[in-house]
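Have a look at the structure below, then the notes.
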Amino acid sequence: MQKNWYVVYTKQHSERKVSLILSKKGIENFCPLNYKKSRSLFWKTITFEPVFDSYVFVKADDVEILNLSKQITDIISLLYWKGKPATIREEEIYSIKEFTTNYTDISLEKISAYQKSDVIDDVSYIMDGQVLTVKNKAMKVNLPSLGFTMVANIPEHQVMGRSISFTNNELIAQS
């Protein structure tokens with residue numbers, strides 16, 4: 001059977017625990033973490049929080065994914081689309097991995113089902129089938145199967161007229 005990427009919905013703040021349990025069972029999974037800096041009055045703290053609250057991405061076949069929700073107590077359910085477990089494209093998982101590796105302080109924006117991703121009036125690039133947008137010192141990647149856009153602020157020294165690196169490719173922003 002062919003393995004696909006699925007989204008598992010977990011209990012609140014149990015994403016890392018579920019990811020660890022799945023790894024111990026030998027099941028390929030991915031829990032994207034966001035590197036955040038916060039300042040207090042006297043010190044700086046660095047935290048790693050999940051990008052998607054209560055979501056863990058799991059690569060499994062149809063039978064295995066249905067059994068997982070019954071075996072692990074911290075898994076509430078699967079993410080469903082039209083009565084079937086929702087599958088996520090491999091390209092989108094790759095985009096999430098690369099985006100979380102290269103950028104910090106990532107936030108999510110919901111996109112509507114009726115929003116057209118091919119009509120963009122900003123500076124945009126096509127990379128591996130995903131629309132990568134640069135606007136107002138922010139980098140965006142659309143994830144249509146999840147209904148989100150990942151947004152990260154770009155440091156000022158990398159904006160407009162300078163090269164912006166995304167994986168091994170170099171993108172030159174036109175000013």
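Taken residue by residue, the range 1-17 has at least one member that is at pLDDT below 90 and not charged (D, E, K, R). The combined condition, being farther than 27 Å from Leu20 by Cα, modelled with pLDDT under 85 and open to solvent by 60 Å² or more (accessible area, probe 1.4 Å), is fulfilled by Ser112. Of the numbered criteria (1) in contact with a strand residue (DSSP E or B) (Cβ under 7 Å, 6 or more places away or on another chain); (2) exposed (fewer than 10 other Cβ atoms within 10 Å of the Cβ); (3) of a type outside the set (Val, Ile, Thr), the one Arg39 fails is (1). Scanning the range 11-34 for residues that are among the polar types (S, T, N, Q) and crowded, with 16+ Cβ neighbours inside 10 Å yields Ser14, Ser19, Asn29, Asn34.
Could you go through the range 2-12 and let me know if any residue there is over 17 Å from the mean Cα position of the chain (by Cα), closer than 21 Å to Lys110 by Cβ and outside any helix (DSSP H, G or I). Steps first, answer last, please.
Taking the range 2-12 as the starting set, the residues that turn out to be over 17 Å from the mean Cα position of the chain (by Cα) are 2-3, 11-12.
Retained after the next criterion (residues that are closer than 21 Å to Lys110 by Cβ): 12.
Subsequent filtering for residues that are outside any helix (DSSP H, G or I) retains 12.
Yes: one or more hits.
Inclusion of Ser23 among residues that are under 21 Å from Ile88 (Cβ atoms), modelled with pLDDT of 90 or more and assigned to a helix (DSSP H, G or I) is warranted.
When Phe52 is tested against (1) closer than 21 Å to Val151 by Cβ; (2) in a loop (DSSP other than H, G, I, E, B); (3) over 18 Å from the mean Cα position of the chain (by Cα), just one condition goes unmet, and that condition is (3). Count, please, the residues in the range 28-49 that happen to be outside any loop (DSSP other than H, G, I, E, B) and out of contact with any Leu (no Cβ under 6 Å at 6 or more places or on another chain). The qualifying residues number 13.
Conditions (1) open to solvent by less than 80 Å² (accessible area, probe 1.4 Å); (2) more than 15 Å from Asn4 (Cβ to Cβ); (3) in a helix (DSSP H, G or I); (4) at pLDDT 85 or above, marked per residue:
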residue	(1), (2), (3), (4)
Phe57	yes, no, no, yes
Ser69	yes, yes, yes, no
Ile96	yes, yes, yes, yes
Leu108	yes, yes, no, yes
Lys116	no, yes, no, no
Ile120	yes, yes, no, no
Val131	yes, yes, no, no
Val134	yes, yes, no, no
Met139	yes, yes, no, no
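In this structure, does Ser165 turn out to be out of contact with any Gly (no Cβ under 8 Å at 6 or more places or on another chain), at pLDDT 85 or above and either open to solvent by less than 50 Å² (accessible area, probe 1.4 Å) or farther than 27 Å from Ile27 by Cα (or both)? Here the answer is no, as Ser165 does not meet what is asked. Of all the criteria given as (1) of a type in the set (A, V, I, L, M, F, W, C); (2) more than 13 Å from Arg16 (Cα to Cα); (3) over 15 Å from the mean Cα position of the chain (by Cα), the one not satisfied by Ile88 is (3).
Taking the criterion of being in contact with a Ser or Thr (Cβ under 6 Å, 6 or more places away or on another chain) and open to solvent by 20 Å² or more (accessible area, probe 1.4 Å), the only residue of the range 42-55 that qualifies is Thr45.
The values are calculated or read from the model by the stated rules, or taken from the named source; none is laboratory data. Quick caveat, the model's predicted, so the values are computed rather than measured. Please note: Cβ atoms are built from the backbone with ideal geometry, for glycine as well, and neighbour counts cover all protein chains shown. All accessible areas refer to the heavy atoms of the entire protein, side chains included, with ligands and DNA or RNA removed. Shrake-Rupley method; radii C 1.70, N 1.55, O 1.52, S 1.80 Å.
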